[in-house]
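A.B. asks: Have a look at the structure that comes next, please.
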Amino acid sequence: MLYAPEDTDDEPGVTVRCQDNSSVGVTFRDRFGLDADSVHYAVELRAPGLTSRLDEVVAWSGDSDLAPFLEGLAADHRGWDGERSWQTNDRDLAVSAAFRPGGHVGLTWTLRPWPKGAGGWCASVTTWLEAGEQMASLAADVRHFLAGEQQSPPGHEADEATRAASAHDQGRVAP
């Protein structure tokens, strides 16, 4: 699993890679705000034979956004029955979560621009994460990304090196 800005730009982002297949992933990037009531961002999906990007997902202030949904999944690290789901108000980004024995959560990320328009498309990938620490880290990283907060203050190279070493030991890569 990887939580990091992509190496090709200086914009903050969050990338989640499936622990079962690191070529499957989801990236949140290109965050911007047009006003105080919303945050816009891009979501990219990757899997063997698939690359998909939705350029303008909108999170509205005061709405139930993605971070609390992920935090709830992390809090229920002992599992649940059935499937849990979340979607944006525009229904262009949806996430469903399923718990499997062994303490892992499958997150199926679906992009569906123009859900009511003719000629629309849909793409999905599923990332499997550890139910406790990895889900909690993902929830925190998504919250920071949506809020526009840097995850490490500039000038704290030692802290970043420690995070990178720790993340590497856990199968993740950090900035």
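A.B. asks: For region 128-145, enumerate the residues that are more than 16 Å from Asp20 (Cα to Cα), open to solvent by less than 60 Å² (accessible area, probe 1.4 Å) and assigned to a helix (DSSP H, G or I).
C.D. replies: Within region 128-145, Ala136, Ser137, Leu138, Ala139, Ala140, Asp141, Val142, Phe145 meet the criteria.
A.B. asks: Further question: What residue, among those in region 26-66 that are crowded, with 18+ Cβ neighbours inside 10 Å and among the hydroxyl-bearing types (Ser, Thr, Tyr), is nearest to Gly120 (Cα to Cα)?
C.D. replies: Restricting to residues being crowded, with 18+ Cβ neighbours inside 10 Å and among the hydroxyl-bearing types (Ser, Thr, Tyr), the top hit is Ser52.
A.B. asks: Are any of the residues in region 146-156 surrounded by 12 or more Cβ atoms within 10 Å (Cβ to Cβ) and modelled with pLDDT of 90 or more?
C.D. replies: Within region 146-156, none of the residues are surrounded by 12 or more Cβ atoms within 10 Å (Cβ to Cβ) and modelled with pLDDT of 90 or more.
A.B. asks: Please verify whether region 63-77 includes one or more residues that are touching a residue at least 24 places away in the same chain (Cβ under 8 Å), part of a strand (DSSP E or B) and more than 24 Å from Gly132 (Cα to Cα).
C.D. replies: No, that holds for no residue.
A.B. asks: If Ala67 satisfies all but one of (1) of a type in the set (Gly, Ala, Ser); (2) touching a Lys or Arg at 6+ places or on another chain (Cβ under 6 Å); (3) modelled with pLDDT of 95 or more, what's the number of the condition it fails?
C.D. replies: Only one criterion is unmet by Ala67, namely (3).
A.B. asks: Output the residues belonging to region 101-111 that are open to solvent by less than 20 Å² (accessible area, probe 1.4 Å) and touching a residue at least 40 places away in the same chain (Cβ under 8 Å).
C.D. replies: Leu107, Trp109, Leu111
A.B. asks: Ala98 versus (1) open to solvent by less than 40 Å² (accessible area, probe 1.4 Å); (2) at pLDDT below 95: which is the lone unmet condition?
C.D. replies: (2)
The values are calculated or read from the model by the stated rules, or taken from the named source; none is laboratory data. Predicted, not measured: the structure shown is a model, and the values here were computed from it. FYI the Cβ positions are ideal-geometry reconstructions off the backbone, even for glycines, and counts take in every protein chain you see. SASA here: full protein model, heavy atoms, side chains in, ligands and nucleic acids out. Shrake-Rupley method; radii C 1.70, N 1.55, O 1.52, S 1.80 Å.
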